[in-house]
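What follows is a short report on a single structure.
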Amino acid sequence: MTSSQNSDSYVLRGTAAGGTLRFVGIDATKIVEDARLRHDLSKTATAALGRTLAASALLAVVLGKKTDSRVTLRLEGGGPVGWIVAEGSTDGSVRGYVRQPGADLPLRESDGKLDVSGIVGTEGELAVTRLLDNGEPYTGSVDLVSGEIAEDVSMYLGVSEQIPNAVLLGVYEEGGRVAHAGGLLVQAMPGVTDETLGKLEANIRAMGQITDNLRRGSLMEAMHRAAEGLELLLAAEAQAARFQCRCSREKASDSLKFFNAEERQEMMDAGGQEIVCHWCGEHYQISPEEIAALGAGPERAKA
């Protein structure tokens, strides 16, 4: 299984060091390229949203309690891109968007890399919403550490969820498109030794950026590199992952029920109404006949 811009995205799971380390990795190349095209993202906005999409998929695995659990990340740091929202599900589907998709910044003078921290900002917070065992939504948040997203997600897991961890996220663009994107989350489990943690830390330092590893080889190879000397055992099957929204034509049409009869009549007189899903950029053209078929406005609907 290789990481190429034409391959599907996927998630790999595994354990190491006798079950005292949990590994979750994602090759999100296709997902992030889909997001770039759907939202017409700038280069830096692509990197920021791409990292957040990968993080949402990883957190869904770590924090999700059921087969259809969803985890939502929202970053707002005061930078030019505005807020960033991504939702990951344990079934491998992810979706997300940014407030200002066209916002961009020059490459950093220090190292020539995309200025993700600059476009996100550092004066704000990362909020994560998930469902508890009783089905109630729970939102935890932390102040942004760097705006680079990986460090912020790692801080959230450590502070709000009490999960010792390491997080790598990255997006590499080439030729005007996403060539490689992905992430790796390592969770320390009960019984882990200081020796194991020291070895893991040294391995991750030696790895460098996750996208450098994906450019050299597969996600599987990157995960083995992170777990060198720790006996990584990967699950037999990879899980398919994809950019997939939960919007539909029916939901788009139903959203017009919140407008009163006069407002709907104006839509019909104008030849219908276009609804655009902010999550995925899908356009739905609702015809005058469909609007008329919605029935009573909200005032009558309440009666």
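Here are the numbers for this structure:
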| quantity | calculated |
| --- | --- |
| Flag if V116 is modelled with pLDDT of 95 or more and under 23 Å from V11 (Cβ atoms) | yes |
| All positions within the range 119-131 that are free of Cβ contacts under 8 Å to residues at least 60 places away in the same chain and either closer than 19 Å to E87 by Cα or of a type outside the set (S, T, N, Q) (or both) | G121, E123, G124, E125, L126, A127, T129 |
| Selection from the range 223-247 of residues that are within 20 Å of the chain's Cα centre (by Cα) and buried (at least 18 other Cβ atoms within 10 Å of the Cβ) | M223, A238, A241, F243, C245, C247 |
| Residue that is small (G, A, S), in the same structural domain as L41 (by TED's automatic domain parsing) and touching a strand residue (DSSP E or B) at 6+ places or on another chain (Cβ under 9 Å), where the choices are G135, G158, G102, G118 | G158 |
| Residues of the range 127-179 satisfying the condition of being among the aromatic types (F, W, Y), outside any helix (DSSP H, G or I) and crowded, with 20+ Cβ neighbours inside 10 Å | Y172 |
| Qualifying residue in the range 255-262 (condition: at pLDDT below 95 and part of a loop (DSSP other than H, G, I, E, B)) | yes |
| Residue count, the range 248-278 (criterion: exposed (fewer than 15 other Cβ atoms within 10 Å of the Cβ), in contact with a strand residue (DSSP E or B) (Cβ under 6 Å, 6 or more places away or on another chain) and among the aliphatic types (A, V, I, L, M)) | 1 |
| Long-range neighbours under 6 Å by Cβ, at least six apart or interchain, first residue farther than 15 Å from G281 by Cα within the range 41-55, second assigned to a helix (DSSP H, G or I) and among the hydrophobic types (A, V, I, L, M, F, W, C) | T44/I119; A47/V116; A48/V116; A48/I119; A48/V120; G50/V32; L53/I31; A55/V153 |
| All positions within the range 67-89 that are over 12 Å from the mean Cα position of the chain (by Cα) and modelled with pLDDT of 95 or more | E76, G77, G78, G79, P80, V81, G82, W83 |
| Residue count, the range 89-104 (criterion: touching a Pro at 6+ places or on another chain (Cβ under 7 Å) and aliphatic (A, V, I, L, M)) | 1 |
| Residue that is farthest from the chain's Cα centre (by Cα) [pool: residues in the range 180-193 that are β-branched (V, I, T) and in a loop (DSSP other than H, G, I, E, B)] | T193 |
| G158 vs. criteria modelled with pLDDT of 95 or more and under 14 Å from R74 (Cα atoms) | no |
| Residues within the range 63-108 that are part of a strand (DSSP E or B) and more than 16 Å from E123 (Cβ to Cβ), tallied | 15 |
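The values are calculated or read from the model by the stated rules, or taken from the named source; none is laboratory data. Just so we're clear, the structure is a prediction, and the values are computed from it rather than from any experiment. Every residue, glycine as well, gets a Cβ built from its backbone with ideal geometry; the counts of neighbours run over all protein chains shown.
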